[in-house]
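Here's the structure we're looking at; comments come further down.
The values are calculated or read from the model by the stated rules, or taken from the named source; none is laboratory data. All figures in this text were calculated on a predicted structure; none of them were measured in a lab. Here the Cβ positions follow ideal geometry from the backbone for every residue, glycine too, while neighbour counts run over all protein chains shown.
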Amino acid sequence: MALLEIMDLVKSFRGPDGTVHEVVRIPRFTLEARSQVALSGASGTGKTTFLHLIAGILAPDAGSVRLDGTNLAELSESARDRLRATKIGYIFQTFNLLQGFTVLENVLLGMSFGPGADRARAMSLLERVGLGERLHHFPRQLSTGQQQRVAVARALANHPQLVLADEPTGNLDARNAREALKLIREACTENGAALLLVSHDRDVLNSFEHTASLGELNQVASLRGGAQ
């Protein structure tokens, strides 16, 4: 059985004028445990909405997202939150670090939503991503590349089965992008997590053995020609 299985997934949003706009319509998508797949996703292909549906941040209008056999659509909002905290790690393009907390506290707070804060693991992960001497720095005191490394450590803190990455190199220069991508992939492998990464960067996509086009998977985007 696949780790992630999506069937007939549909999501729409209502605009300010009351018009309903369908953003995602994906008949089928699967991801095996411990696999690493990159999805090419240009603007208008519904990439962030798709990842939010997988993570349970959004509820679909129709269809199912099954993670490790559990259908997220059948869970309450609080149950989805618990599942996300324990089984999914999310690396956001904008990192979403808490500016008033230190590097170590950012990771510990992420752990608190799952099994609980584990200071030793948090410190070990931050050491692994090269921030062992930055534990008590605040995000504003770090470079963009270092902030990305905090986000990677936080995403892996609760031993997730699946890591989702939304344009994780989008805010980095070429050198930091290569380093961040290498770090993300190695860290997922070391922690036994599957990786689903969405990017429009051709260099990023070319570094993956397994790729797919979100524009082709998403029938809405296909009908629009891949642009809104």
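Figure legend. Inter-residue proximity from the stretch 37-49: first residues more than 20 Å from Pro60 (Cα to Cα), second residues surrounded by fewer than 19 Cβ atoms within 10 Å (Cβ to Cβ) and basic (Lys, Arg), beta-carbon distance below 9 Å, spacing 6+ or different chains. Indicated pairs: Ser40/Arg202. All conditions but one from (1) touching a residue at least 60 places away in the same chain (Cβ under 8 Å); (2) surrounded by fewer than 18 Cβ atoms within 10 Å (Cβ to Cβ); (3) within 22 Å of Met123 (Cα to Cα) apply to Glu179; the one that does not is (1).
Of the helices (runs of 4 or more DSSP H) lying entirely inside the stretch 1-117, those containing at least 1 residues that are of a type in the set (Ser, Thr, Tyr) and closer than 28 Å to Ala177 by Cβ span 47-55.
Of all residues in the stretch 22-50, those satisfying the criterion of being modelled with pLDDT under 95 and farther than 14 Å from Glu216 by Cα are Glu22, Thr48, Thr49. One residue stands out among those in the stretch 191-201 that are touching a residue at least 60 places away in the same chain (Cβ under 8 Å) and of a type outside the set (Ser, Thr, Tyr): the one that is surrounded by the most Cβ atoms within 10 Å (Cβ to Cβ), which is Leu197. For the stretch 96-105, what are the residues that are under 17 Å from the mean Cα position of the chain (by Cα) and either surrounded by 20 or more Cβ atoms within 10 Å (Cβ to Cβ) or among the aliphatic types (A, V, I, L, M) (or both)? If the condition is that a residue be under 17 Å from the mean Cα position of the chain (by Cα) and either surrounded by 20 or more Cβ atoms within 10 Å (Cβ to Cβ) or among the aliphatic types (A, V, I, L, M) (or both), then Leu97 is the only one that fits. Of all residues being basic (Lys, Arg) and surrounded by 17 or more Cβ atoms within 10 Å (Cβ to Cβ) in the stretch 23-57, which is nearest to Leu83 (Cα to Cα)? Just the residue, please. By that ranking, first place goes to Lys47.
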